[in-house]
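First comes the structure, then the notes that go with it.
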């Protein structure tokens, strides 16, 4: 049947050009590969399986306490996710909770504290100090009388193994970017990686501010790139955003041979695969490890800072869990809260 229809085509008299173009058409949806087209995240099922076996994040098993234990609370109030951990006087991790943020740091924090209380039925978690970090740190410091308010990059450094590169630029916004794209396509974040791994090719995003990356996304959609290809492309640009845009480090080898990846983005295996591939390309003999608690690393660092402050000072300022769980707030959105820093004059909620 295909041959009969083919006789009616304008080029039916031309010689057969071979299977290469047909293969490209079937795999990518186009005959000609353009300059904006990159390779997929994975080429074979075997490659994907080997990656997952090597870089799987082991599930955390909460230690079972048999007596009241002095511990310290760390809270990382992030823009896309909120995290809290408890560590003991030796710095050992006792408990961790993680959830996507709802946009209100007070509500997010209360939900984290409620989750901790739900796992403290025997009253063995004796919380003697609080450390905070993330964009909500200042609010939480005032509301809960935190013992330590630590910059997020420093918090991550405290929970890292060794050398840590601090950024002097804005956050790359990687987590927000992935979450936003997943939401636009109606894909839960837990399914993002599977969609990205299904792509046969990936568009080449320009690294930089998340706003410009989203502009690329719109343009690539207009060009006909699929959801799978867009997810793969945005994953592959994230390492460039981290190392070239934020850290501004063209020579990764200057940092050494051992890289420890942390931050909540590492839970997204597509983003993790892209990061691992980028480092291995730049530093072929690099040793790459995943922080055992990548999403909670900032909260862990805040807890460790609170522990050090309280133990050195001899007392805690933290209001305590009972008072913290009674925290309330009021919201205000009117002309008095409107921003006047530019001509757009955006509405704001305080």
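The values are calculated or read from the model by the stated rules, or taken from the named source; none is laboratory data. Computed from a predicted model, the values in this text were never measured in an experiment. All Cβ positions, glycine included, derive from the backbone under ideal geometry; neighbour counts span all protein chains shown.
The numbered conditions (1) under 26 Å from residue 40 (Cβ atoms); (2) in a helix (DSSP H, G or I) are all true for residue 285 except (2).
Against the condition touching a strand residue (DSSP E or B) at 6+ places or on another chain (Cβ under 8 Å), more than 30 Å from residue 272 (Cβ to Cβ), in a strand (DSSP E or B) and in contact (Cβ under 8 Å) with a residue 40 or more places away in the chain, how does residue 74 come out, does it pass?
Numbers: touching a strand residue (DSSP E or B) at 6+ places or on another chain (Cβ under 8 Å): yes; more than 30 Å from residue 272 (Cβ to Cβ): no; in a strand (DSSP E or B): yes; in contact (Cβ under 8 Å) with a residue 40 or more places away in the chain: yes.
No; evaluated as a whole, the condition is false for this residue.
Of all residues in segment 158-192, those satisfying the criterion of being part of a helix (DSSP H, G or I) and modelled with pLDDT of 80 or more are 158, 178, 179, 180, 181, 182, 183, 184, 189, 190, 191, 192.
Scanning segment 236-260 for residues that are outside any helix (DSSP H, G or I) and touching a helix residue (DSSP H, G or I) at 6+ places or on another chain (Cβ under 6 Å) yields a total of 2. Does residue 233 fit the bill of being in contact with a helix residue (DSSP H, G or I) (Cβ under 9 Å, 6 or more places away or on another chain), in contact (Cβ under 8 Å) with a residue 12 or more places away in the chain, in a helix (DSSP H, G or I) and over 29 Å from residue 184 (Cβ atoms)? In short, no. The test for being more than 28 Å from the chain's Cα centre (by Cα), surrounded by fewer than 19 Cβ atoms within 10 Å (Cβ to Cβ) and modelled with pLDDT under 95 does not hold for residue 282.
Name the pairs whose Cβ atoms lie under 7 Å apart, with the first residue in segment 82-94 and exposed (fewer than 14 other Cβ atoms within 10 Å of the Cβ), the second at pLDDT 95 or above and part of a strand (DSSP E or B), and 6 or more positions between them or separate chains? Qualifying pairs under 7 Å: 89/70. Residues of segment 202-230 that are outside any helix (DSSP H, G or I), surrounded by 23 or more Cβ atoms within 10 Å (Cβ to Cβ) and in contact with a helix residue (DSSP H, G or I) (Cβ under 7 Å, 6 or more places away or on another chain): 202, 203, 205. Just to be sure, is residue 256 in contact (Cβ under 8 Å) with a residue 12 or more places away in the chain, surrounded by 19 or more Cβ atoms within 10 Å (Cβ to Cβ) and within 25 Å of the chain's Cα centre (by Cα)? It is false that residue 256 is in contact (Cβ under 8 Å) with a residue 12 or more places away in the chain, surrounded by 19 or more Cβ atoms within 10 Å (Cβ to Cβ) and within 25 Å of the chain's Cα centre (by Cα).
Can you say whether residue 110 is in contact with a strand residue (DSSP E or B) (Cβ under 6 Å, 6 or more places away or on another chain) and either over 23 Å from residue 158 (Cα atoms) or not in a loop (DSSP other than H, G, I, E, B) (or both), as far as the supplied structure shows? If you could, list the steps in order and put the result at the bottom.
Numbers: in contact with a strand residue (DSSP E or B) (Cβ under 6 Å, 6 or more places away or on another chain): no; either over 23 Å from residue 158 (Cα atoms) or not in a loop (DSSP other than H, G, I, E, B) (or both): yes.
No, not satisfied.
Evaluated against (1) buried (at least 22 other Cβ atoms within 10 Å of the Cβ); (2) touching a residue at least 40 places away in the same chain (Cβ under 8 Å), residue 275 falls short on exactly one condition, (2). Only one of the numbered conditions (1) in contact with a helix residue (DSSP H, G or I) (Cβ under 6 Å, 6 or more places away or on another chain); (2) part of a helix (DSSP H, G or I) is not met by residue 97, and that is (2).
Do we find a residue being outside any strand (DSSP E or B), in contact with a helix residue (DSSP H, G or I) (Cβ under 6 Å, 6 or more places away or on another chain) and either at pLDDT 95 or above or more than 17 Å from residue 296 (Cα to Cα) (or both) anywhere in segment 119-139? First the steps, then the outcome.
Filtering segment 119-139 down to residues outside any strand (DSSP E or B) leaves 119-124, 135-139.
Narrowing further to those that are in contact with a helix residue (DSSP H, G or I) (Cβ under 6 Å, 6 or more places away or on another chain): 136, 139.
Filter again for either at pLDDT 95 or above or more than 17 Å from residue 296 (Cα to Cα) (or both), leaving 139.
Checking segment 119-139: at least one residue is outside any strand (DSSP E or B), in contact with a helix residue (DSSP H, G or I) (Cβ under 6 Å, 6 or more places away or on another chain) and either at pLDDT 95 or above or more than 17 Å from residue 296 (Cα to Cα) (or both).
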